[in-house]
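Have a look at the structure below before the remarks.
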Amino acid sequence: MSTETMLLDEAIVAALPVSAGSKVTSVTRHGETNWSTGVKIDVTTGDETKSFFAKLIEREDYVPMAKAEYEGQKTISAIIPDHAITPIAWGHYANDHTKAWFLTHFRPLKPFHPDDESISELLTILKTLHHASTFPTGDFGFHTTSFFGPPPMVVDWTADWAQFWGRELRSSLAYAQRMRGTDAELQELGERFLDGVVPRLLVPLQTGGRAIRAGLCHGDLWDGNIQVDAETGRVVLFDPCPFYGHCEMDLQCVRAEWGVVNHGFVKTYASELGKSEPEADFEDRVALYAIRNDLLTVGMYEHRVHLLERVKEEMRRLLVKHPDGLSGFEGDLTPSRDYEPESDSTPGAKL
């Protein structure tokens, strides 16, 4: 295949799924990307033109994000093919492994507007995503590292959701402080929060006969990653930070004050798709999950540093509401079938 562009690495050209004799006729910047450069690639074969989209990652420390996006999109598109970006390939630049790329078919997208019809479609998509698939072992985790922007997620497999989420929160606390400076108050609140509130709100999900399945979560479900295919009119999800986990964690982003898919969606989700048991803890669990989102947002974007105060306020509020940690839960804490808590997720232990 011939090409007249100097903007496209030869490894990407070689990966394009087109026939011999095709020609790259245009490579133009496309879309808004924070950690990479998005480009639209037009390829002509005879009288036919096909379009592709590639992300070009040219910072060495971001290179693992290319594989992560490929694996994540592949996993999600296998479940919701009409509502996800199906990947083609990923790889390193031909002569420079400090740079990488991710390739997919081009889809013209437009902003998502949360009217009744589109919200109903989004709920149906999430129901399918969360309930149509589970990892064969039933554990929480993912087969390759996922990335929430630059910060990697801790996705090592475990059957213990409190242990899974607690270690992720600890990682998020460390990331926020690494990027914005050590915060002694945040660290102290975080330790008490990990010791008390996290087990109080998450251990009951898998005790007393209650259970949660490890469904596939998108993991970064904010407005920018929810759009509409301009040709089909279907809602499309992309840029995931996927993992098999508790489905309610996909609500972590929708409390952001700047989003069009915002806190009102939480009530709609609960009404239409239901709440995990114990239902009385639902709002607190959503608040708990949102803390992780806020911490990572603070670390990634300096102009969002004000969210640290919301994190602290939410931690204080939940610490006051659940002062006795897991011992304050008024219900059966006998481990449910097929679940044994990890030794480091017991009350008062480090998660």
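The values are calculated or read from the model by the stated rules, or taken from the named source; none is laboratory data. Not measured: the values here are computed from a predicted model. Ideal geometry is used to build each Cβ from the backbone, glycine not excepted, and the neighbour counts take in all protein chains shown.
Which ranges mark the strands (runs of 3 or more DSSP E) fully within the stretch 42-107 that have 1 or more residues being in contact with a Gly (Cβ under 7 Å, 6 or more places away or on another chain)?
48-57, 96-105
In a helix (DSSP H, G or I) and either in contact with a helix residue (DSSP H, G or I) (Cβ under 8 Å, 6 or more places away or on another chain) or not assigned by TED's automatic domain parsing to the domain that holds P240 (or both) - does that describe any residue in the stretch 18-35?
Checking the stretch 18-35: not a single residue is in a helix (DSSP H, G or I) and either in contact with a helix residue (DSSP H, G or I) (Cβ under 8 Å, 6 or more places away or on another chain) or not assigned by TED's automatic domain parsing to the domain that holds P240 (or both).
Can R170 be described as of a type in the set (D, E, K, R) and part of a loop (DSSP other than H, G, I, E, B)?
Answer is no for this residue.
When the stretch 139-157 is examined, which residues are found to be crowded, with 19+ Cβ neighbours inside 10 Å and not in a loop (DSSP other than H, G, I, E, B)?
Those that are crowded, with 19+ Cβ neighbours inside 10 Å and not in a loop (DSSP other than H, G, I, E, B): F140, G141, F147.
Which residue pairs have Cβ atoms under 6 Å apart, sit 6 or more places apart or on different chains, and have a first residue in the stretch 112-139 that is at positive phi and modelled with pLDDT of 95 or more and a second that is surrounded by fewer than 16 Cβ atoms within 10 Å (Cβ to Cβ) and of a type in the set (D, E)?
none
Under 6 Å between Cβ atoms, at least 6 apart or on separate chains: pull out the pairs that start in the stretch 33-50 with a residue that is within 11 Å of S22 (Cβ to Cβ) and end on any residue that is acidic (D, E).
From the stretch 33-50, the pairs are T49/D42.
Restricted to the stretch 133-158, and to residues that are in contact with a strand residue (DSSP E or B) (Cβ under 7 Å, 6 or more places away or on another chain) and of a type in the set (A, V, I, L, M, F, W, C), which residue is nearest to R337 (Cα to Cα)?
F140
Consider L251 carefully, then state whether it is surrounded by 19 or more Cβ atoms within 10 Å (Cβ to Cβ), touching a residue at least 40 places away in the same chain (Cβ under 8 Å) and not aromatic (F, W, Y).
no
Which strands (runs of 3 or more DSSP E) sit wholly inside the stretch 218-312 and have at least 1 residues that are modelled with pLDDT of 95 or more and acidic (D, E)?
In the stretch 218-312, the matching strands (runs of 3 or more DSSP E) lie at 226-229.
Within the stretch 277-286, which residues are out of contact with any Ser or Thr (no Cβ under 9 Å at 6 or more places or on another chain) and crowded, with 19+ Cβ neighbours inside 10 Å?
The answer is D281, V286.
Please find, among P114, P87, the residue that is buried (at least 16 other Cβ atoms within 10 Å of the Cβ) and in the same structural domain as D250 (by TED's automatic domain parsing).
P114
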